[in-house]
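Each remark here refers to the structure printed beneath this line.
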Amino acid sequence: MRLALKNPLIIFDLETTGLNISRDRIVELSYLKIFPDERQETKNIRINPTIPIDPKATAIHGITDEDVKDCPTFKEIAQTLANQFAGCDFAGYNSNKFDLPLLAEEFLRAGVDFDLKKRKFIDVQVIFHKMEQRTLSAAYKFFCDKELVGAHGAEADTLATYEILQAQIDRYPELTNDVDKLSEFSAHTRNVDLAGRIILDEREREVFSFGKYKNIPVEEVLAKDPSYYAWIMENDFPLYTKKILTQIKLRGMNK
């Protein structure tokens with residue numbers, strides 16, 4: 001089924017140096033840009049991460065330090081990507097938990113203020129797991145009746161993700177062919193930051209989702225324990241989480 005789009009949709013996949021959102025870097029980014037009029041653009045980019053690739057990561061995606069040593073850094077392509085992604089919604093496989101938070105970190109490190117707050121995010125893996133509980137290769141076989149050739153390559157995974165999303169809409173009548181509704185269905189939690197360290201509770205309050213102040217409003221915590229803000233800023237939390245926390249802190253100070 002053709003996707004009902006209000007905005008262009010970026011379906012993307014990352015290959016990285018590892019699995020730590022705060023420390024690891026992108027080595028390959030592939031995206032398929034779908035326009036509301038059904039036009040499509042594809043791009044596959046190898047990136048020099050400027051840090052060594054974990055051998056465990058290379059064993060999965062096959063990209064070595066030698067393969068990307070002469071490629072542009074993310075900082076060199078960040079503004080061009082931001083221009084390409086402006087006004088778009090996003091979709092991916094496990095993208096809400098990993099790809100989007102890591103992409104946001106790369107933009108922040110590059111000094112490019114790419115604001116994702118008003119964008120919608122569809123996670124095909126969440127839809128799949130809620131409906132069937134499988135992996136990407138199994139999802140491709142289940143929904144599209146095809147073997148996924150080139151699995152763990154960003155381009156192959158990106159194209160497969162798009163086909164799966166279309167097939168999911170065809171298969172499940174309870175899924176609304178609308179990016180806003182698919183984004184809502186894809187969400188594990190109502191994240192304020194991309195990593196889900198700060199979420200909205202049932203009363204629309206920003207609360208911490210972890211640690212000793214779990215489920216406590218962020219503004220309340222910052223007011224009674226200012227050192228908690230400093231602890232988060234000094235430790236291994238995503239830059240985007242720190243950015244959102246600082247915005248909440250400043251908002252509270254201006255009240």
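Could you tell me whether I127 is over 12 Å from the mean Cα position of the chain (by Cα), modelled with pLDDT under 95, buried (at least 16 other Cβ atoms within 10 Å of the Cβ) and closer than 20 Å to I34 by Cα? Criteria met by I127.
Looking at the stretch 160-255, the helices (runs of 4 or more DSSP H) lying wholly inside it that each contain 3 or more residues that are among the β-branched types (V, I, T) sit at 239-253. Among residues of the stretch 74-124 being surrounded by fewer than 21 Cβ atoms within 10 Å (Cβ to Cβ) and aliphatic (A, V, I, L, M), the one that is farthest from A195 (Cα to Cα) is I77.
Evaluate the stretch 126-143: report whether one residue or more is over 30 Å from F74 (Cα atoms), part of a loop (DSSP other than H, G, I, E, B) and charged (D, E, K, R). Within the stretch 126-143 (the criterion being over 30 Å from F74 (Cα atoms), part of a loop (DSSP other than H, G, I, E, B) and charged (D, E, K, R)), the answer is yes, since at least one residue qualifies. From the residues in the stretch 146-159 that are small (G, A, S) and assigned to a helix (DSSP H, G or I), which one is farthest from L3 (Cα to Cα)? The selected residue is A154.
The helices (runs of 4 or more DSSP H) found entirely in the stretch 27-100 that carry 1 or more residues being touching a residue at least 24 places away in the same chain (Cβ under 8 Å) and within 21 Å of the chain's Cα centre (by Cα) are 55-61, 74-85. Given the options D113, D67, name the one that is of a type in the set (D, E), within 24 Å of F35 (Cα to Cα) and assigned by TED's automatic domain parsing to the domain that holds K181. Just one listed residue meets the conditions, D113. Scanning the stretch 147-171 for residues that are in contact with a helix residue (DSSP H, G or I) (Cβ under 6 Å, 6 or more places away or on another chain) and either surrounded by fewer than 19 Cβ atoms within 10 Å (Cβ to Cβ) or within 22 Å of E38 (Cα to Cα) (or both) yields G150, A151, H152, A160, T161, E163, I164, L165, A167, Q168.
The values are calculated or read from the model by the stated rules, or taken from the named source; none is laboratory data. In this text, all values refer to a predicted model and were calculated from it rather than measured experimentally. Reconstructed Cβ throughout: ideal geometry from the backbone, glycine too, with neighbour counts over all protein chains shown.
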